Every structure is written in structure tokens, then in C-alpha cells.
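Participant: If you scroll down you'll find the structure; I have some questions about it.
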Amino acid sequence: MPETAVADTGPILHLSEIGETGLLSIFTRVSVSQHVRAELARHGILDSALDAIGDRLQIERVSSEEMSSQLKSALRFRIHRADLSTLALASRIKPDLVLTDDLDLRKALESQGYQVVGSIGVLLRALRDRRFKKTDLLMRLDQLLDGSTLYTSKAFRMAVREMVEKLPE
């Protein structure tokens, strides 16, 4: 099923760190704000993300007014400028999913009714779309959890691995 997504920096960065940015091509479109674009450039992964995802990666300008309109609903969450721009972009585009690994941004998005998926969710969707087998998913999951800057608790890591091991082959 084709899906559109709005993304913050996290999933693109974390998937890039394990050489799997191309998995984002499972989405018909991945939109990012100019603020997220700047973060991707600061991390040195903008060009590789553009190469991996191609024209499916759309950079959208988010105005100060759009961000200001989201500020009130986001006050109780600790989110920074790029996160706020992601929230504003999602509000404008109304994507099928929003991609983030940031817990506070996830809470803000879910409080507004968005379906949120992180880097692990992208890997699971790629498995669902038969981009690779379960054994490959487990390998990529280990790379993501142990070899990227994605922070997760030990309990969460164990829960994810248990869940994946229960998936059918």
C-alpha cells in the first residue's frame, strides 16, 4: 500500500548510519522541512539521502506563521525548531505517517492524531513489503540498535527483538 510520510531528521540519520536510507523509498513521498534539510546537511547525509531516495524526498518550506500556529499545542512537549517545523508540515500535508525517533515529538504528533513510526517501524514496513527476509531484518535491527546514534533503553531493545523473533518467516 503506497504511503506518504513527513520525516524529521532522526529516521533518515539513523537509517543512513547503517547504510539503509534507501528503505525510505517504500514511501511514495517523504517530505521534510527546510529545517530538517539543514540538519541533514549538518550531519553530512543530505546528498546521500537525496541519492538513495531520489525524487521521493521533497523539501518543503515551512513558514514562521505555520510554526507559530503549532507552538501552543506543542508547549507541553520538549521539541526544538526542526521538530516544530515537522509538526507544522504534517499539519499542512496530512501524511499517512510521520517518521520520528524523538519521543517528545512522537507524543506531540500522536496527541494530534497522527500515526507515528520510527526507524524500527521503517524496517518492519520494509519486511512487510518483502524488501528482505526476517533474518535480514534481525541483522539490520542489530545494526540499528547497536551501530547507530538511535538511543533506546535496554528493555525496549529486548522487547523489539522478542517481537521480531515472533514474526512469521
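Participant: Translational diffusion coefficient of the stretch 1-132 at 10 °C, 1.306 mPa s, Stokes-Einstein with Kirkwood Rh over Cα pairs, in µm²/s as a whole number.
Facilitator: 110
Participant: Compare E17, E65, E110 in a GNM of the chain, Cα atoms joined below 10 Å, and give the one with the largest fluctuation.
Facilitator: Looking only at E17, E65, E110, the largest GNM fluctuation is found for E65.
Participant: Sticking with this structure for a sec: Expressed as a whole number of Å, what is the distance separating the alpha-carbon centroids of the stretch 4-62 and the stretch 74-98?
Facilitator: Using only Cα atoms, the two centres lie 16 Å from each other.
Participant: Could you tell me which of rounded, prolate or oblate describes the stretch 1-47, using a ≥ b ≥ c as the square roots of the eigenvalues of the alpha-carbon gyration tensor, with rounded for a/c under 1.5 and, failing that, prolate when a/b is larger than b/c and oblate otherwise?
Facilitator: oblate
Participant: Related question: Which residue, A41, A52, A74, has the most motion in a Gaussian network model of the chain that connects Cα atoms within less than 10 Å?
Facilitator: The residue with the greatest mean-square fluctuation here is A41.
Participant: Could you tell me which trypsin sites (Lys or Arg not before Pro) in the stretch 91-149 are loop residues by DSSP with no more than 12 other beta carbons within 10 angstrom of their beta carbon?
Facilitator: Numbers: sites: R92, R106, K107, R125, R128, R130, R131, K133, K134, R140; in loops: R130, R131, K133.
Sparse-neighbourhood loop trypsin sites (Lys or Arg not before Pro): R130, K133.
Participant: With the alpha-carbon atoms as the only input, what is the per residue convex hull volume for the stretch 97-142 in Å³?
Facilitator: 63
Every read-out reported here was derived from the displayed coordinates using simple, explicitly stated rules and does not represent laboratory data. Here the structure is a predicted model, which is why all the values come from computation and not from measurement. Quick reminder, even Gly has a Cβ in these numbers, built from the backbone with ideal geometry, and neighbours come from all protein chains shown.
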